Amino acid sequence: MTPAARVASAIQILDEILAGEPAEKQLTTWARQNRYAGSKDRAAVRDLVFEVLRSKQSLAISGGAETGRGMLLGLLRMRGDDPDDTFTGEGYAPAPLTDQEKGAGRAPTEAESLDAPEWLIPQLQESLGADFESVFNLLKSRAPVFLRVNLQAGTREQAIESLASEEIVAEPHELAETALIVTKNPRRVQNSQTFASGLVELQDAASQFVAEQIPVAKGNSILDYCAGGGGKSLALAARMPKDELTIFAHDISQNRMRDIPTRAERAGVNINLLETSEIADAAPFEVVVCDVPCSGSGAWRRAPEGKWTLTTERLTELTRIQREVLEKTKGYVSENGVLAYLTCSLLRQENQDQIDAFLAANSDWKCTMSKSLTPLDGGDGFFVSLLTRS
């Protein structure tokens, strides 16, 4: 595919996303319908789509329209490229620009260029303080690729050497003792032998930091209550030999956990899946981890469409769910156990405010630590708080 043909494909995909289709689903559909596109073409189109979604507001303003075509026009203008070189109508290139399109658009204001949802800005400013602008400028860029070294399978140095033998360059990252940042050939990781052997797993560095804050001890029984794809379960299981920890994973949607058995087998760890009806019989647990549903604002570099689909109604619903999860899961924690509350949110109302409300309603509990991370720390935005009975 020519660069112009890639732009035309990105326009098509973005129009479907704007009509309500999930980005990942639409990218998969496009790839299936255009099998002539090679891996480099698919990667390039994907990069274009996500670059636009991260800066959708400012690019629509620059291009003069909140359409796939308008936003790609805005992207070319923001890059300093001549749009007429791409919008030629030749071959599979987008149709030439009309006089109206050429005259449309303007430079975004400084506030608009941050690409922060306007309705959420007051809460974000309150939560992030002086870091607000720096964080949102960073959220417009592509997220790094991080790996977690499975210390049950090898050391960080061995993982670096193994990756290098497959022409993948990775370096230690300071956020976690298991973290590597991939600096060359990140797209080769999932097809590498190093990955297939279970020596490394894809996981954000801040997520690894959070997992390292959760205390584990020999003989512990741990419940990952909102397990999703199992990233935290895997990280916790790798903290000790598999016969020294018992890890249970639960999610309200069993389908979200469908990949956990395969991932656990690759990593050489044991993770037991629990349905909701089975939790009470397996309780109590020395550690209950609640990586609760949230706005995902800390990970908007990776899932930028969430930045634009979040509404005040949805945020209200999420905070209600978070409170309910904390109240429900406290009963699953052993007398001297730990309740770990996690989000990938930047918003105080999903983070410290939830802990304050829980403690106000539960005087027999106390907080032993809380920590907020933003993308300025190197990974995604995360929050972790550890709670124990007083």
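Shape class of the range 195-275 from the Cα gyration tensor (axes a ≥ b ≥ c, square roots of the eigenvalues): rounded, since a/c falls below 1.5. Peptides 368-378, 218-228 ordered by packing proxy, namely the average of other Cβ atoms within 10 Å per residue, highest first: 218-228, 368-378.
Which net charge results for the neighbourhood of Leu114, defined as the other residues with beta-carbon distances under 13 angstrom from its beta-carbon, given Lys and Arg at +1 and Asp and Glu at -1?
Numbers: positive: Arg54, Lys56, Lys140, Lys307; negative: Glu110, Glu112, Asp115, Glu118, Asp131, Glu133.
Around Leu114, the surrounding residues sum to -2.
Sequence-ordered 3J(HN,Hα) estimates for the range 125-138 from the Karplus curve with 6.51, -1.76 and 1.60 and θ = phi - 60° stand at 5, 5, 6, 9, x, 5, 8, 3, 5, 5, 5, 6, 5, 5 Hz, glycine and proline given as x. Could you give the dipole magnitude of the range 283-387 about its Cα centre, charging the beta-carbon of Lys and Arg +1 and that of Asp and Glu -1, in debye to the nearest 20? Around 200 debye, computed over the range 283-387.
Principal-axis analysis of the Cα atoms of the chain puts helix 68-79 at an angle of about 90° to the longest axis.
Between Asp131 and Lys102, residue separation times 0.36 nm minus the direct Cα-Cα distance comes to 6.8 nm.
Of Trp308, Trp30, Trp300, the sequence from fewest to most neighbouring Cβ atoms within 10 angstrom is Trp308, Trp30, Trp300.
Annotation: lysines with alpha-carbon distance below 22 angstrom to Lys366 (same-chain offsets under eight excluded): Lys328, Lys330. Our coupling estimate for the range 376-390, obtained by passing each phi through the Karplus curve with A = 6.51, B = -1.76, C = 1.60 and θ = phi - 60°, is 5, 7, x, x, 7, x, 9, 9, 9, 9, 10, 10, 9, 6, 5 Hz, Gly and Pro reported as x. Counting only the Cα atoms, the range 213-389 fills a convex hull of 122 Å³ per residue. Along the range 14-30 the Karplus relation, 6.51 cos²θ - 1.76 cosθ + 1.60 evaluated at θ = phi - 60°, assigns HN-Hα couplings of 5, 4, 5, 5, 5, 7, x, 7, x, 4, 4, 4, 5, 5, 5, 4, 4 Hz to successive residues, with x for each Gly and Pro. Magnitude of the charge dipole for the range 145-203, about its Cα centre and with charges confined to Cβ atoms of Lys, Arg (+1) and Asp, Glu (-1), is about 220 debye.
Straight-line cross-link partners of Lys102 among the aspartates and glutamates, defined as a Cα under 19 Å from its Cα and at least 8 positions apart when in the same chain: Glu66, Asp81, Asp82, Asp84, Asp85, Glu90. Dipole check for the chain: with +1 at the C-beta of Lys and Arg, -1 at the C-beta of Asp and Glu, and the Cα centre as origin, the magnitude is about 560 Debye. The ratio of the alpha-carbon radius of gyration of the range 145-203 to the globular-protein estimate 2.2 N^0.38 Å is 0.93. Along the axis of the charge dipole computed for the chain (Cβ charges of +1 for Lys and Arg, -1 for Asp and Glu, origin at the Cα centre), the listed residues Ala130, Pro215, Ser113 are led at the positive end by Pro215.
At a 10 angstrom cut-off on C-beta neighbours, averaged per residue, how do the peptides 167-176, 355-364, 229-238 rank from highest to lowest?
Details: 167-176: 18.3, 355-364: 13.3, 229-238: 24.2.
Per-residue Cβ counts within 10 Å, averaged per peptide and sorted highest first, yield 229-238, 167-176, 355-364.
Each peptide in 140-148, 63-71 receives the mean, over its residues, of other Cβ atoms within 10 Å, and ordering these scores from highest gives 63-71, 140-148.
Values quoted throughout were computed directly from the atomic coordinates according to the rules given, and no laboratory measurement underlies them. Quick caveat: nothing in here was measured; it's all calculated off a predicted structure. Positions of Cβ are generated from backbone atoms using ideal geometry, with glycine treated the same way; all protein chains shown enter the neighbour counts.
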